[in-house]
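Structure first, then comments.
Quick note: the coordinates plus some simple rules give every number you see, no bench work behind them. None of the values given here were measured: they were computed from a predicted structure. Because the Cβ atoms are built from the backbone with ideal geometry, glycine has one as well, and the counts that use them run over all protein chains shown.
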Amino acid sequence: MRKSFLLILCCFILPAVYSQQPPRKNPAVEKILKEISANNIKTTVEKLVTFGTRHTLSDTVSKTTGIGAARRWIKSEFERYAKESGGRMSVDFHESTIPPSTRVPYPAKIVNVVATLRPEPSDHATPDRILVVGGHYDSRASNPLDSVGIATGANDDGSGTALTLELARVMSKYKFDATVVFIAFVGEEQGLLGATAWAEMAKQNKWNVEAVFNNDIVGSSIGGDGTKENTYVRLFSEAFSPLDTGSVFRQRISLGLENDGGSRSLARYIKELAESYNPEFGVHLVYRLDRFLRGGDHRPFHERGFRAVRFSVAKENYDWQHQNVRTENGKEFGDLPKFMDFDYCTHIARANAAALATLAGAPAPPANVGIMNTELGYNAVLRWNKNKESDVAGYYVSYRETSSPVWQHKTFTADTTITLDISKDEFLFGVQAVDKEGNVSLVTIPRPVGR
């Protein structure tokens, strides 16, 4: 009798407990951020510089010089971290052959270095969700075809490679619900070659690549004008991908969703999480795919319909990028470690980690999110499908004025429908799934639906 009473009591208590709003911050994510080391990033950059050049077409045989030695060392570092993963991380070379082009005078084999951290089987793991973080490990001197001259590539993009390795080192010790892929891309300076090959493979295999974090030139805080800016990072994202055409494009425009495409929604997500976990460091949204006359490894992903963004320093100094190492009239040129700010790079690494680790632990984004549009009214009614993961605590419904670049209001519900006492005509809406630890999914933007 007593057991029956306790069973009935639990049936009433448990739903109430699970319907409580989860914490806004996950202690495990906070711990990950604290473990990221500026000294480790510095040591990695200095090691990459010792290879002399990491030009995509440089020596592949030498044990100490050129692209071959660099990629083997990067692979050995990933493998070292994999030993701490309990068998969940594997490391591979991703090879492809590139035909001749303007910056590749002869057919060449290019090799990305890839470390894949998979979740353990559980009733809330979603291994088909793939998150990618990377930077390119190749470098160049003043002449993009110079494959033998010194090309130190400390900031461009030793910084992004070092950041990626450091995230792999720290995150390999933790368990997540999604698959995280850490990639040292190659061939960026020759035309985004490695990233294009991997993105195309993901597209052909129909992989669910949910987000791509590209880190390119993330290690210096001094601009070409001599000013220092170390309080924020720029995050580039484009509103539309080439796949947003026809009726899809017209519907997004008619609904006022010009700034809610996949890549831009990802950028907004990163900003919110990064600034929440590290309020002293900002993420400055730039509504553009990249800088003028420049490109990055997020582009091939974005062009194939994947959510992809680029982190880059607040201030650039072109004397320290794509330059032969030299001194002219007392002025130093070249991409050297001494021009870098490793504390600043560490802040950018933590901005990555806050969003990446949260997303890796989060449920999948809610499916079939709709906003009721059958009649005129004075409120907004949203509904969506219940997530399948066992650890889902509920959902966040966010909304903002149509002219706002970021979400202004957020409310929690354990249900799969909600009525907001605001006019649906004046706001944009989004729904996220959240688990009991406070990990939130990407936002799903509702579409008008009938009953």
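Which of rounded, prolate or oblate describes segment 8-152 when judged by the alpha-carbon gyration tensor and an a/c cut-off of 1.5?
It comes out prolate by the Cα gyration axes.
Could you please tell me the mean projected area of the C-alpha convex hull for segment 311-357, averaged over all directions and given in square nanometres to one decimal?
Projected over every direction and averaged, the Cα hull of segment 311-357 covers 4.0 nm².
If we sort 262-272, 363-373, 21-31 on the protection proxy, mean other Cβ atoms within 10 Å, highest first, what's the order?
Output ranking for 262-272, 363-373, 21-31: 262-272, 363-373, 21-31.
Using alpha-carbon positions, what is the distance between the centroids of segment 229-274 and segment 124-193, in Å?
After rounding, the separation between the Cα centres reads 23 Å.
Output the direction-averaged projected area (hull surface divided by four) of the convex hull of the alpha-carbon atoms of segment 370-449, in nm².
That works out to 5.2 nm².
Quick check: pseudo-label points 7 Å beyond the Cα along Cα→Cβ at Val61 and Ile253, how many nm apart are they?
5.8 nm
Give, as a single signed number, the net charge of other residues whose beta carbon lies under 13 Å from the beta carbon of Gly295, with Lys and Arg counted +1 and Asp and Glu -1.
Overall, the nearby charge balance is -3.
Among Asp297, Asp435, rank each residue by its count of other Cβ atoms within 10 Å, from fewest to most, as a rough exposure measure.
Arranged by neighbour count, lowest to highest, Asp297, Asp435 become Asp435, Asp297.
Classify segment 60-133: rounded, prolate or oblate, from the alpha-carbon gyration tensor (a ≥ b ≥ c, eigenvalue square roots; a/c under 1.5 rounded; otherwise prolate if a/b is larger than b/c)?
Oblate is the answer for segment 60-133, as a/c is 1.5 or above yet b/c matches or exceeds a/b.
For a quick protection proxy, order the peptides 340-350, 321-331, 153-163 by their average other-Cβ count within 10 Å, most packed first.
Descending mean neighbour count gives 153-163, 340-350, 321-331.
What does the charge count around Val392 come to, taking other residues whose C-beta lies under 9 Å from its C-beta (Lys +1, Arg +1, Asp -1, Glu -1)?
Net charge around Val392: 0.
Say the cut-off is 31 Å between C-alpha atoms; which of Lys34/Lys63; Lys31/Lys203; Lys386/Lys424 go over it?
Lys34/Lys63; Lys31/Lys203
Output the relative contact order of segment 27-361, whole-number percent, from Cα pairs under 8 angstrom with separation of 6+ residues.
22 percent
Which shape class, rounded, prolate or oblate, goes with segment 181-326 when its Cα gyration tensor gives a ≥ b ≥ c as root eigenvalues, a/c under 1.5 marks rounded, and past that a/b bigger than b/c marks prolate?
Note, shape of segment 181-326 comes out oblate.
Count the net charge of all other residues whose Cβ sits under 13 Å from the Cβ of Glu84, scoring Lys and Arg as +1 and Asp and Glu as -1.
Combined, the nearby Lys, Arg, Asp and Glu give +3.
Among Glu303, Glu79, what is the fewest-to-most ranking by other Cβ atoms within 10 Å?
Glu79, Glu303
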